[in-house]
Amino acid sequence: MEQFSNQITLRGTLVAMPAFSHENHGRKFYKFFLDVQRLSGAVDTLPVIADLLLLEQMDLTGGSKIRVEGQIRSHNCSDDTGRHLLIFVFATELNTEEGESINELVISGPICREPNYRQTPLGREICDMMLAVPRAFHRADYLPCILWGRTAQLGASCHTRDWIQIEGRLQSRIYTKYIEDSAYERTAYEISALKATVMTDTD
């Protein structure tokens, strides 16, 4: 299986001005956060990394919200509290424009960890899985996904190395991690699946 996708479109409100993130091969990259409202009214605060050249080309008079086209990326890092899988949106296009919030994505790739299916005390079905979404130079982005209801049932029938395509949104979730006697507040990012499709060699 060689077919894969990694595309995301966001439209949201800039939380703060972009701040320098890192430099790679002479290119400077900046990080910022977008507040993207769900239909329920809840807000996902999502990290975006963009090339300085893209930021310099933005038309700041185009609207009150920022539209981002790009890919979802992952990066492993370590600090005093342990190892983390950082999830962010790598921007390939940036524009300012008016309009309702948008949070739409399509990703596909092999499952790299056995799915974890469970039910809540109220009987809601949930399935967690991790996709290894390929990208250039034989690398992959490891993206945590959560599936609900009938979609969770499909996830429960899958196994490691099965290829799956997911359509949904990127969401944020705040949680507390306890290490010894200290509590650390962290934000987790995961893909909430609205639709999932098992891919075959004929897809």
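Things to note:
- Screening the range 1-116 for strands (runs of 3 or more DSSP E) wholly inside it with 3 or more residues that are in contact with a Gly (Cβ under 8 Å, 6 or more places away or on another chain) and open to solvent by 50 Å² or more (accessible area, probe 1.4 Å) returns the ranges 82-97.
Listed here are the residues, each with its yes/no results for (1) closer than 16 Å to ASP44 by Cα; (2) aliphatic (A, V, I, L, M); (3) part of a strand (DSSP E or B).
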{"position": "LEU154", "(1), (2), (3)": "no, yes, no"}
{"position": "HIS159", "(1), (2), (3)": "no, no, no"}
{"position": "GLN165", "(1), (2), (3)": "no, no, yes"}
{"position": "THR176", "(1), (2), (3)": "no, no, yes"}
{"position": "TYR184", "(1), (2), (3)": "no, no, yes"}
{"position": "ALA188", "(1), (2), (3)": "yes, yes, yes"}
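- Of all residues making up the range 117-156, the number that are in contact with a Lys or Arg (Cβ under 6 Å, 6 or more places away or on another chain) and either closer than 17 Å to LEU170 by Cβ or open to solvent by 30 Å² or more (accessible area, probe 1.4 Å) (or both): 2
- Some residue of the range 160-169 being of a type outside the set (D, E, K, R) and surrounded by fewer than 19 Cβ atoms within 10 Å (Cβ to Cβ): yes
- Options VAL48, VAL106: the member that is modelled with pLDDT of 95 or more and either closer than 23 Å to ARG186 by Cβ or acidic (Asp, Glu) (or both): VAL48
- For ARG186, the criteria (1) in contact with a Phe, Trp or Tyr (Cβ under 8 Å, 6 or more places away or on another chain); (2) of a type in the set (D, E, K, R); (3) open to solvent by 40 Å² or more (accessible area, probe 1.4 Å) hold in every case but one, which is (3).
The values are calculated or read from the model by the stated rules, or taken from the named source; none is laboratory data. Predicted model only: the values in this text are computed from it and were never measured. Ideal geometry is used to build each Cβ from the backbone, glycine not excepted, and the neighbour counts take in all protein chains shown. With ligands, DNA and RNA removed, areas are computed over all heavy atoms of the protein, side chains included. Shrake-Rupley method; radii C 1.70, N 1.55, O 1.52, S 1.80 Å.
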